[in-house]
Amino acid sequence: SITASCPIVRPWEAVLIGTLGGGLTIGTDALLDKLKIDDPVSAVAVHGACGAWGLLAVGIFGADDRVENITSGRNGLIHGGGFYMLGVQTLTVVCEIVWSAGTTFLILYPIQKIMGIRMTAEDEILGADFVEHNVFKSGLVSQMTFSSPAHSH
């Protein structure tokens with residue numbers, strides 16, 4: 001979460017941005033699990049949600065950088081810069097979502113039509129994280145019933 005703003009925020013702001021990003025990661029991952037959306041490596045939580053938060057944090061906490069002129073003389077919202085930087089960063093987040101969704105569709109739609117990418121119904125119930133990636137997410141074991149054959153001696 002701090003990557004985009006690290007050269008233009010104060011240390012206490014960096015700690016706050018990172019702490020909020022950590023909470024956002026945990027919350028997003030829990031929400032995806034609750035919605036039964038497979039994200040075996042938490043990429044959406046880490047790179048999607050926290051990446052968006054990191055970009056928005058530039059518009060909130062960013063301060064004019066007089067050494068490298070990164071912000072072109074502008075400040076973020078809490079430093080008296082108004083909503084300009086936050087607006088630019090919000091537009092950037094929207095553009096990245098549209099770009100990512102669009103390119104993903106352009107890649108996966110033809111693959112689906114040519115050879116298919118759907119899993120079996122049983123595999124969908126178990127989840128791609130378990131079936132294809134061998135990743136056990138919390139709560140998975142309690143949702144599954146295991147049986148083992150009796151051992152005879």
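Points worth noting:
- Signed unit charges on C-beta, dipole axis of the chain, positive-most listed residue Pro110, Thr25, Asn75: Asn75
- Stretchable slack from Glu132 to Leu31, in nm (0.36 nm times residue separation minus alpha-carbon distance): 34.2 nm
- Virtual paramagnetic centre 7 Å along Cα→Cβ of Arg66, amide N under 17 Å, in the range 1-15: 8-10
- Cβ-based charge dipole, the chain, positive-most Cα from Thr92, Ala128, Val44: Thr92
- Using alpha-carbon coordinates, inclination of helix 50-61 to the longest axis of the chain, degrees: 20 degrees
- Among Cys95, Cys6, Cys50, the ranking by other beta carbons within 10 Å of each residue's beta carbon, starting with the fewest, stands as Cys95, Cys6, Cys50.
Each value in this text was obtained by applying a stated rule to the coordinates, not by laboratory testing. If you're wondering where the values come from, they're calculated on a predicted model, not measured in any experiment. Every residue, glycine among them, receives a Cβ derived from its backbone with ideal geometry; neighbour counts consider all protein chains shown.
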